[in-house]
Amino acid sequence: MPVLALDTSNYTTSAAVFDGRTGRNESRLLQVRPGELGLRQSEALFQHVKALPGLLGRLEELGLLSGLRAVGASTRPRSVEGSYMPCFLAGASQGEALAHALGVPFFAFSHQQGHLAAAAWSAGRPDLLDAPFLAWHLSGGTTELLRVEPEGSSIRAEMIGGTSDLSAGQLIDRTGVLLGLPFPAGKALDGLYGQADASYEPRVKRNGMTFSLSGMENQVKKLAEAGEKPANIARFAQDAVFGAVLRATQAARKEYPGLPVLCSGGVASNSRLREGLSALCGALFAPPQYSTDNALGVAVLTRRALEDAP
């Protein structure tokens, strides 16, 4: 019983097929002009509409679109009232139209739910979706510490901590663009970490499970103005994110003892974060290809919803 899912986030167009055991995700990164920090929603929506037919064509060439039993899509960033971004209209509208054309059910989820499901499935722990757990959603626009629990065939996430201002992805990307790296800058900044020959101790403001990263951006600018090496600046920004996330995670484990910790989102592919949180908190991570934006998690939830449908 294969299902199809679409995800059209702010920076990636994705389509995935999942049959209950194996999945295939096809993605295309949106094009951002050099030196810019993102896209207008109208431009993102335009690029998604252009990219989706090609991604579906790849899945068709692989023989994966035969016998589809349901279609799902991410229709909003988070499952909370007022959560909305126009870019998700591309996947939501095309997904619903495909479902009508095929005569199969359509299921809507949030982008965040998809991230969590993709991380759990690709980490080899789909069972996490059936019991409470702690999770990080770390991306270009979101840095949230969540308490997640089952809700029917899907999941419900409650924010219990995270950033109060700048997201981890924003700090990473703004640092990268300042250093002349391509946007999004996570992978390139990660590659510079091992080249650093000096380290600084970031002092991130924190209150329990909540922290502020805006001061770290100011420190990055000061280091650049002082002529510090790009690799040392890259290390400072990544150490700031890691330290803040680590301390918030430790506070959450005291508040909610015994719950496993799952990390999702593009920033969760950062090497420093993965190694440190795995060693110090036993955190679970998706493989890098399922940490970044993808439709596989939405496909997993779509399959679960189909199995649960009357």
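The values are calculated or read from the model by the stated rules, or taken from the named source; none is laboratory data. A quick note: this is a predicted structure, and the numbers were derived from the prediction, not measured. Neighbour counts run over all protein chains shown; Cβ positions are idealised from the backbone, glycine included. With ligands, DNA and RNA removed, areas are computed over all heavy atoms of the protein, side chains included. Shrake-Rupley method; radii C 1.70, N 1.55, O 1.52, S 1.80 Å.
Compared with the dominant Cα axis of the chain, that is its longest principal axis, helix 214-225 is turned about 60°.
To the nearest 10 degrees, how steep is helix 271-281 against the longest Cα principal axis of the chain, on a 0 to 90 scale? For 271-281 against the chain, the angle is about 90 degrees.
If a/c stays under 1.5 just call it rounded; otherwise compare a/b with b/c (prolate if a/b is bigger, oblate if not). Do that for the range 97-183, with a ≥ b ≥ c from the square roots of the Cα gyration tensor eigenvalues.
oblate
Taken over the chain, the percentage of Cα pairs per 20 Å bin, counting from 0 up to the bin with the maximum distance, is 35, 56, 9, 0.
Heavy-atom surface analysis with a 1.4 Å probe gives the range 1-98 a carbon and sulfur content of 52 percent of its accessible area.
Using a probe radius of 1.4 Å on heavy atoms only, what accessible surface per residue do you get for the range 1-65? Whole Å² is fine. It would help to have the intermediate numbers written out before the result.
On the way: 3340 Å² over 65 residues.
That works out to 51 Å² per residue.
Rounded to the nearest 5, what is the percent of antiparallel bridges among the DSSP beta bridges in the chain? So the antiparallel bridges in the chain amount to around 65 percent. Computed over protein heavy atoms with a 1.4 Å probe, the carbon and sulfur contribution to the accessible area of the range 113-160 reaches 45%. Reducing the range 281-297 and the range 151-167 to their Cα centroids gives an inter-centroid distance of 16 Å. Sorted on the mean count of surrounding Cβ atoms within 10 Å across their residues, most packed first, peptides 242-249, 260-267 read 260-267, 242-249.
For the range 141-220, just say rounded, prolate or oblate: build the C-alpha gyration tensor, square-root its eigenvalues into a ≥ b ≥ c, call rounded for a/c under 1.5, and beyond that prolate if a/b exceeds b/c, oblate if not. The shape class here is prolate. Remark: the range 159-310 is approximated by an ellipsoid whose semi-axes, taken from the C-alpha gyration tensor as √(5λ), come to 30, 19, 13 Å, largest first. Please state the shape class of the range 13-87: rounded when a/c is under 1.5, otherwise prolate if a/b exceeds b/c and oblate if not, all from the C-alpha gyration tensor. Taking the square roots of the gyration eigenvalues as a ≥ b ≥ c, the range 13-87 is oblate.
Working note: 222 nm ellipticity from helices only, DSSP H runs with n ≥ 4, each -39,500 (n - 2.57), summed and divided by the residues of the chain, gives -13500 deg cm²/dmol to the nearest 500. The C-alpha atoms of the chain define a longest principal axis, and helix 230-255 lies at about 70 degrees to it.
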